[in-house]
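So the structure is just underneath, and the comments pick up after that.
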Amino acid sequence: VAGPTSPNGCHVSEVEIDPQTGAVAVVAYSSVNDVGRVVNPMIVRGQLDGGAVQGIGQALHEQVVYDRETGQLVTGSLMDYCAPRADDVPSFRHELDLSSPCLNNPLGVKGGGEIGTIGAVPSVVNAVADALAHSGRADQARSLQMPLTASKVWQLLQATS
């Protein structure tokens, strides 16, 4: 049997929003992941951690900016382009579901390198939307556009005043 070996997962984030600054902090992150048979759990968990950090960065920090007049890249270095740091992420809790080995390869493994990133982005953005909705700002939650930088979130919070 040939075909894809796609993993599946569920990723959940808990965030806190500072109403004074708009800064979003991811305070808890959990996931359950169907990655087939796991040959080396430490490597898979490392891939999930790294992918989740990358996804959190995409959701909250990373933005490519070009000059409107010249098309020149403005965010061409880490001095201008905000990437996530270790203090931007909580300890992760990843569970591995081994009950469904892949039937398309002899090892029963599924690709797991991107599942952390793919799960993190909507998990974090939806957590921010949920936080806004629960604080009576559901209309602002519909206006979210990544990256959810502190200034963007602060502007949304001011729109309700």
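The values are calculated or read from the model by the stated rules, or taken from the named source; none is laboratory data. On a predicted model such as this, the values are computed, not experimentally measured, just so you know. Methodologically, a virtual Cβ is constructed for each residue, glycine included, from the backbone with ideal geometry; neighbour enumeration extends over all protein chains shown. For the accessible areas, the whole protein counts, side chains as well, though only heavy atoms, and no ligand, DNA or RNA atoms are used. Shrake-Rupley method; radii C 1.70, N 1.55, O 1.52, S 1.80 Å.
Peptide packing: for 128-135, 51-58, the average count of neighbouring Cβ atoms within 10 Å per residue gives the ranking 51-58, 128-135, highest mean first. Counting only heavy atoms of the protein chains and using a 1.4 Å probe, Thr5 has close to 50 Å² of accessible surface.
Solvent-accessible surface of the chain, taken per residue with a 1.4 Å probe and all protein chains present: 59 Å².
Phi-derived couplings, Karplus 6.51 cos²θ - 1.76 cosθ + 1.60 at θ = phi - 60°, listed residue by residue for the range 66-75: 10, 5, 5, 7, 9, x, 5, 5, 8, 9 Hz, with x used for Gly and Pro. A Förster radius of 35 Å, combined with the Cβ-Cβ distance separating Glu114 from Glu69, puts the computed FRET efficiency at roughly 0.45. When Leu103, Leu98, Leu73, Leu60 are compared by accessible area at a 1.4 angstrom probe, the order from most to least is Leu103, Leu98, Leu73, Leu60. The apolar share of the surface of the range 12-161, taken as the fraction of accessible area on carbon and sulfur atoms (1.4 Å probe, ligands and nucleic acids excluded), comes to 54 percent. Working note: Debye formula, equal point scatterers on the alpha-carbon atoms of the range 100-161, no solvent; log10 I(q)/I(0) at q = 0.25, 0.26, 0.28 Å⁻¹ is -1.02, -1.07, -1.16. For Rg/Rh (Cα atoms, Kirkwood Rh), the value computed from the atomic coordinates appears in the list (i) 1.06; (ii) 1.15; (iii) 0.99 under label (i). With a 1.4 Å probe rolled over the protein heavy atoms of all chains, the accessible area of Met79, Met42, Met146 falls in the order Met79, Met42, Met146, largest first.
Here the contact order of the range 53-132, divided by its residue count and restricted to Cα pairs under 8 Å and six or more residues apart, works out to 39 percent.
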